[in-house]
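The values are calculated or read from the model by the stated rules, or taken from the named source; none is laboratory data. Just so it is clear, the model here is predicted, and its values are computed rather than measured. With ideal geometry, Cβ positions are generated from the backbone for all residues, glycine too; neighbour counts draw on all protein chains shown. Calculation scope for accessible area: heavy atoms of the full protein, side chains included, ligands and nucleic acids excluded. Shrake-Rupley method; radii C 1.70, N 1.55, O 1.52, S 1.80 Å.
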Amino acid sequence: MSGTVQTIFSLYELSMAIGKSLNYRANCDHFMKVFLSRKMLKAGWIVQIQNKNVRLRYAIPAPYKPKEEVTIKYIREFLDQDKPLCVPVDEQISNVCPVPVSGGYVVAFPMANQSVLFVHSPKKEPWADAELRQLDPVIRKFGMSLLASSDFEEQKRLLKRLERNNKDLNDYAHVVSHDLKSPLRNIYSLVQWIQEDLDGDQPESAVVHMPHIYSSLEKMDGLIAGILRYSNLRETSQEKEVRVNLNELIDEVLTLIQVPESIQIEVAALPEVRADRLRMSQLFQNLIDNALSAMKVQGDRIQIGFEDLGNSYEFFVKDNGPGIAKAHQQKVFQVFQKLDADSTKSGIGLAIVSRIVEDHGGQLRLESEAGQGATFYFTHPK
């Protein structure tokens with residue numbers, strides 16, 4: 001096969017490898033495996049500039065460095081050129097690449113949506129300008145397919161958020177019509193009884209009702225505070241994400257929580273993540289508070305750790321408390337739902353945790369057996 005025919009066949013094969021899937025990762029997997037195989041490449045990764053930060057969107061093999069290792073200045077230089085570039089691997093490039101590179105060349109292809117596709121070629125010779133020009137339209141077409149995938153996934157997230165907001169409105173209606181009216185009715189009745197006791201010159205009987213009034217007021221105050229916190233969570237769901245050192249964050253959280261001396265909290269060395277720092281603090285505080293509440297019944301240890309899943313982390317908060325029966329495990333994530341009659345609780349904490357995890361693109365789950373403790377897991381993208 002002549003060189004020209006081989007080149008045409010290779011370009012055609014790459015064009016056909018551009019995925020029809022609207023799943024971003026599946027689209028990347030399909031194309032990049034063909035690209036790396038046909039061009040004898042060692043690695044490839046895609047980065048994107050979002051809100052003045054660099055986001056690592058894809059890497060093969062899995063990345064081993066934090067996203068901030070890929071500096072925005074480095075990416076800007078390739079975007080400003082607006083054409084494929086082949087540069088030798090040196091110490092500077094090695095330091096900013098999110099995957100291992102040694103020797104050879106790094107080739108950068110600007111794409112749509114402030115994205116750049118990088119590939120690592122171990123060959124000693126640089127890619128010819130003619131080859132770069134031939135590949136440029138194919139890679140840009142691939143970039144457009146990724147843009148469509150991103151738009152579709154964003155649309156799915158928005159639809160899911162809309163469905164969730166509609167459900168929230170129904171939950172609010174239920175709270176206002178039932179949960180808030182219940183303590184108000186109690187207060188009204190207690191005040192009537194006090195009035196009757198005072199009219200009958202029995203002030204000592206009236207005093208007996210006062211703790212019940214305060215209890216109902218405390219319950220109503222907790223419910224209203226819960227509604228405000230949950231509403232504020234919805235309004236601030238698009239805050240700027242930053243790099244968060246989770247060990248420092250949990251240390252700060254533990255200074256805000258009253259932890260009994262009898263309870264031991266073990267925290268593993270956790271990775272840094274990109275997230276809304278305030279909301280991540282709220283997430284861990286609610287999970288730890290929830291575990292401590294269980295410890296009032298039994299248990300003496302809380303463990304916080306994680307597992308690296310490749311493109312995401314899975315964190316966990318585990319306690320050796322009384323556990324949660326299977327029949328009640330879905331209930332704990334619902335707004336204003338509680339498993340006990342403690343009037344000081346609003347039933348909002350785990351619902352907030354669920355919202356924060358989902359808004360960061362993760363998933364929350366619970367593993368527990370009655371009498372055997374509970375472990376809350378949540379994933380978070382790298």
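Overview of results
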quantity: Residue selected from the stretch 88-104 under the condition loosely packed, with under 15 Cβ neighbours inside 10 Å and not in a loop (DSSP other than H, G, I, E, B), by the criterion modelled with the highest pLDDT; calculated: PRO88
quantity: Near pairs, Cβ below 9 angstrom, 6+ apart or cross-chain, from the stretch 229-255 (within 21 Å of ASN51 (Cβ to Cβ) and small (Gly, Ala, Ser)) to any residue that is open to solvent by 40 Å² or more (accessible area, probe 1.4 Å) and modelled with pLDDT under 90; calculated: SER237/ARG161
quantity: Some residue of the stretch 6-24 being of a type in the set (Phe, Trp, Tyr) and at pLDDT below 80; calculated: yes
quantity: Selection within the stretch 254-291 - aliphatic (A, V, I, L, M), crowded, with 19+ Cβ neighbours inside 10 Å and assigned to a helix (DSSP H, G or I); calculated: MET280, LEU283, LEU287, ILE288, ALA291
quantity: Scope the stretch 332-367; condition crowded, with 16+ Cβ neighbours inside 10 Å, at pLDDT 90 or above and of a type outside the set (A, V, I, L, M); matching residues; calculated: GLY362
quantity: Residue match in the stretch 118-126 (condition: under 22 Å from LEU56 (Cβ atoms) and assigned to a helix (DSSP H, G or I)); calculated: no
quantity: Scan of the stretch 106-155 for residues that are surrounded by fewer than 21 Cβ atoms within 10 Å (Cβ to Cβ) and aromatic (Phe, Trp, Tyr), ordered by number; calculated: TRP127, PHE152
quantity: Candidate set from the stretch 134-186 (those that are at pLDDT 80 or above and of a type in the set (S, T, N, Q)); member that is nearest to ILE213 (Cα to Cα); calculated: GLN155
